[in-house]
Amino acid sequence: FGVVGGEAMVVFEDVFVPNDRVFLNGEVDQCANMVNYFATWHRANYGGCKGGNADVLIGATAKTTRILGTDKNAVVRDKLIEMVHLTETSYGTAIAASAQGHKLPCGSQMVNPMLANVTKQNITRNIYAVGRIAHDLAGGYLATMPDEASFENPEIAKYVKKYHVANPEYDVMDRVKMGRYIENMTSVTTMVEAMHGAGSPQAQRIVMMSQAGIEAKIKLAEAVID
């Protein structure tokens, strides 16, 4: 069960695991490192994952404004710019996390942990903001859209279609398709994943504090003041 990535609950009960499938055998001191490495990479890649999703959402929102006939409005265009800014900011920190990565003793590459956690922290905020603007520009129609059966019902279909046309240059079903996409991309499940995927926002803040070098920053301030 689960919508976003095919999540499932897996229960291991009375299971025999062959020795060649055992990765840690009592080396509990490495467990924290394994979790940390996974979480750090996962948090960094959210900038690419959600950045890409947001690009498509921006496209769907922009297309919807054309269908509504509001695309030339300066306020609408400014809100689209804001969606782009929020998305590129999130993507940019992900690129920075990789660019400032380092090689581990085993030879694997590791992203910069501070920037990885900053990336995910951006996602927990920016993706909600992008979704909010999509709702703003698409309109309340997202919540009142007729279902598929209404458009196929021979008795009422012609009325449903007639009174849901906005810009006559576009077919009403174009509006419906874009609306359904925005609805799905800004649904509860999608937003919850942006918030809690790869750990809660507070988990990222804990790592950010540990990586912040506060004592070194205090010394910088003291040196400047002196």
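Within region 44-56, does at least one residue satisfy the condition of being more than 20 Å from Met191 (Cβ to Cβ), surrounded by 13 or more Cβ atoms within 10 Å (Cβ to Cβ), free of Cβ contacts under 8 Å to residues at least 40 places away in the same chain and under 20 Å from the mean Cα position of the chain (by Cα)?
No, region 44-56 contains no residue that is more than 20 Å from Met191 (Cβ to Cβ), surrounded by 13 or more Cβ atoms within 10 Å (Cβ to Cβ), free of Cβ contacts under 8 Å to residues at least 40 places away in the same chain and under 20 Å from the mean Cα position of the chain (by Cα).
Please go through (1) β-branched (Val, Ile, Thr); (2) open to solvent by 60 Å² or more (accessible area, probe 1.4 Å); (3) within 29 Å of Asn45 (Cα to Cα) for Val165 and return the number of the only condition it doesn't satisfy.
It is condition (3) that Val165 fails.
Only residues that are under 20 Å from Asn33 (Cα atoms) and among the hydrophobic types (A, V, I, L, M, F, W, C): list them for region 162-214, please.
Scanning region 162-214 gives Ala198, Ala203, Ile206, Val207, Met208, Met209, Ala212.
Can you tell me which of Thr65, Thr40 is within 18 Å of the chain's Cα centre (by Cα) and polar (S, T, N, Q)? Talk me through it step by step, then tell me what you get.
Details: Thr65 fails: within 18 Å of the chain's Cα centre (by Cα).
Answer to the check: Thr40.
With respect to Ile133, determine if the residue is under 25 Å from Val84 (Cβ atoms), hydrophobic (A, V, I, L, M, F, W, C) and either surrounded by 14 or more Cβ atoms within 10 Å (Cβ to Cβ) or free of Cβ contacts under 8 Å to residues at least 12 places away in the same chain (or both).
Values: under 25 Å from Val84 (Cβ atoms): yes; hydrophobic (A, V, I, L, M, F, W, C): yes; either surrounded by 14 or more Cβ atoms within 10 Å (Cβ to Cβ) or free of Cβ contacts under 8 Å to residues at least 12 places away in the same chain (or both): yes.
Yes.
Conditions: (1) open to solvent by 60 Å² or more (accessible area, probe 1.4 Å); (2) among the acidic types (Asp, Glu); (3) not in a helix (DSSP H, G or I). Glu82 meets all but one. Number of the miss?
Only one criterion in (1) open to solvent by 60 Å² or more (accessible area, probe 1.4 Å); (2) among the acidic types (Asp, Glu); (3) not in a helix (DSSP H, G or I) is unmet by Glu82, namely (3).
Take Asp71 and decide whether it is charged (D, E, K, R) and not in a helix (DSSP H, G or I). Talk me through it step by step, then tell me what you get.
Numbers: charged (D, E, K, R): yes; not in a helix (DSSP H, G or I): yes.
Criteria met by Asp71.
Give the residues of region 140-169 that are touching a residue at least 40 places away in the same chain (Cβ under 8 Å) and over 24 Å from Val192 (Cβ atoms), sorted by residue number.
First pass over region 140-169, keeping only residues touching a residue at least 40 places away in the same chain (Cβ under 8 Å): 142, 166-167.
Within region 140-169, Ala166, Asn167 meet the criteria.
Regarding Ser150, is this residue among the polar types (S, T, N, Q) and surrounded by 13 or more Cβ atoms within 10 Å (Cβ to Cβ)?
yes
Applying the selection to region 142-199, what residues are outside any helix (DSSP H, G or I) and in contact with a helix residue (DSSP H, G or I) (Cβ under 6 Å, 6 or more places away or on another chain)?
Passing the criteria: Met145, Pro146, His164, Val165, Ala166, Asn167, Tyr170, Thr186, Ala198, Gly199.
Looking at this structure, is Gln109 in contact with a strand residue (DSSP E or B) (Cβ under 8 Å, 6 or more places away or on another chain), of a type in the set (S, T, N, Q) and open to solvent by 80 Å² or more (accessible area, probe 1.4 Å)? Show your work before the answer.
Values: in contact with a strand residue (DSSP E or B) (Cβ under 8 Å, 6 or more places away or on another chain): yes; of a type in the set (S, T, N, Q): yes; open to solvent by 80 Å² or more (accessible area, probe 1.4 Å): yes.
Judged against the criteria, Gln109 is a match.
For the subset of region 4-34 comprising residues that are open to solvent by less than 70 Å² (accessible area, probe 1.4 Å), of a type outside the set (A, V, I, L, M, F, W, C) and out of contact with any helix residue (DSSP H, G or I) (no Cβ under 9 Å at 6 or more places or on another chain), which member is nearest to Asn53 (Cα to Cα)?
Checking each candidate, the answer is Gly6.
Restricting to region 103-121, name every residue that is within 14 Å of Asn36 (Cβ to Cβ) and not polar (S, T, N, Q).
Taking region 103-121 first, the residues within 14 Å of Asn36 (Cβ to Cβ) are 104, 108, 110-114, 116-117, 120.
Leu104, Met110, Val111, Pro113, Met114, Ala116, Lys120 - these are the residues of region 103-121 that are within 14 Å of Asn36 (Cβ to Cβ) and not polar (S, T, N, Q).
Does Thr61 qualify as being on the phi < 0 side of the Ramachandran plot, assigned to a loop (DSSP other than H, G, I, E, B) and surrounded by 11 or more Cβ atoms within 10 Å (Cβ to Cβ)? If you could, list the steps in order and put the result at the bottom.
Working: on the phi < 0 side of the Ramachandran plot: yes; assigned to a loop (DSSP other than H, G, I, E, B): no; surrounded by 11 or more Cβ atoms within 10 Å (Cβ to Cβ): yes.
Criteria not met by Thr61.
The values are calculated or read from the model by the stated rules, or taken from the named source; none is laboratory data. What you see is a predicted model, and the numbers here were worked out from it, not measured in a lab. When we count neighbours, we look across all protein chains shown, and the Cβ atoms used for this are built from the backbone with ideal geometry, even at glycine. Remember, those area values only see protein heavy atoms, side chains included, never the ligands or the DNA or RNA. Shrake-Rupley method; radii C 1.70, N 1.55, O 1.52, S 1.80 Å.
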